[in-house]
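The values are calculated or read from the model by the stated rules, or taken from the named source; none is laboratory data. Here the structure is a predicted model, which is why all the values come from computation and not from measurement. Here the Cβ is made from the backbone with ideal geometry for all residues, glycine too, and neighbour counts use every protein chain on show.
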Amino acid sequence: MPYDMARLIMAALAVTAAGLVRGYSGFGFAMITTTSLLLVFAPTEVVPAVLLLDIAASSILARQVWRQVNWAAIAWLMLGVASGTLPGVWLLRRVPAEPMKLAVGLCILTLAGLLRCGWRPRKAPGRLTTVAAGIISGLLNGGGAIGGPPAILFFFASPAGAAVSRASLIVFFLGTDLLAASACLAAGLMSPRALSLAGWLLLPMTTGLLLGRRAFERTSSEVFRQRVLALLAALALGVVGQALWVICATSG
């Protein structure tokens, strides 16, 4: 059954806005798009389509930031992610997801607030710290599909500049999305409807990406950092609100 035009227009507007955020900050596309599209599409269509769109977004953005990426940090982070993902899935089967999301959201809010107020580590994180951040990201990704914030905090808490942090996040999410898309493909979730939905939304997303990238190029490093931390806090509030809603609904 083909998609109706009203749902496609709503999805295009949401994806354009999410693309603008992604083009500007280097992250946020999957969380914003998934939350929006699940209102009108089935999860089995949304998740694969969003993964494909996010891979396309990362590929478009990565072409211009390739030389700015902190490749050493990416390598050690991905090692940690690979180590933490399966234990995260194990936790998902044994620990209620919503209390875990609530705790994580509150921790992210606290750290984002500290960073926005000016707190920063005095030196760049070493290998062990980087791998540990990756493990935390992998645990949260496997346990609750919220593995992005630890990596975001890792890069924006480091002494590296805004351009390096943004570029590294773009490549980091490309790697994690490719892993997740491979898992969806192996599970048979890359259906023709999901591919069709991704195809319909590719142009709106690209439009948003280009607008966001242009906005980033016109923003000072410190203003960019403050806006990114505010965005991260807003996303964390969304996680906290969703978790509280589910906990209250199930307990009532």
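Residues that are at pLDDT below 90 and assigned to a helix (DSSP H, G or I) were ranked within the stretch 22-35; the one that is surrounded by the fewest Cβ atoms within 10 Å (Cβ to Cβ) is Thr35. Once the stretch 3-30 is narrowed to residues that are touching a Ser or Thr at 6+ places or on another chain (Cβ under 9 Å) and β-branched (Val, Ile, Thr), the residue that is nearest to Phe224 (Cα to Cα) is Thr16.
For the stretch 187-226, a residue qualifies if it is part of a helix (DSSP H, G or I) and polar (S, T, N, Q), and the qualifying residues are Ser196, Thr206, Thr207, Ser221, Gln226.
Could you please let me know if Arg63 is of a type in the set (D, E, K, R), out of contact with any Cys (no Cβ under 9 Å at 6 or more places or on another chain), within 21 Å of Ala163 (Cα to Cα) and free of Cβ contacts under 8 Å to residues at least 12 places away in the same chain? Criteria met by Arg63. Can Leu244 be described as closer than 30 Å to Leu114 by Cβ, out of contact with any Lys or Arg (no Cβ under 6 Å at 6 or more places or on another chain), in the same structural domain as Pro149 (by TED's automatic domain parsing) and assigned to a helix (DSSP H, G or I)? Considered against the rule, which asks whether it is closer than 30 Å to Leu114 by Cβ, out of contact with any Lys or Arg (no Cβ under 6 Å at 6 or more places or on another chain), in the same structural domain as Pro149 (by TED's automatic domain parsing) and assigned to a helix (DSSP H, G or I), Leu244 comes out as yes. (1) more than 17 Å from the chain's Cα centre (by Cα); (2) modelled with pLDDT of 90 or more: which one isn't true of Gly212, the others all being true? It fails just one condition, (1).
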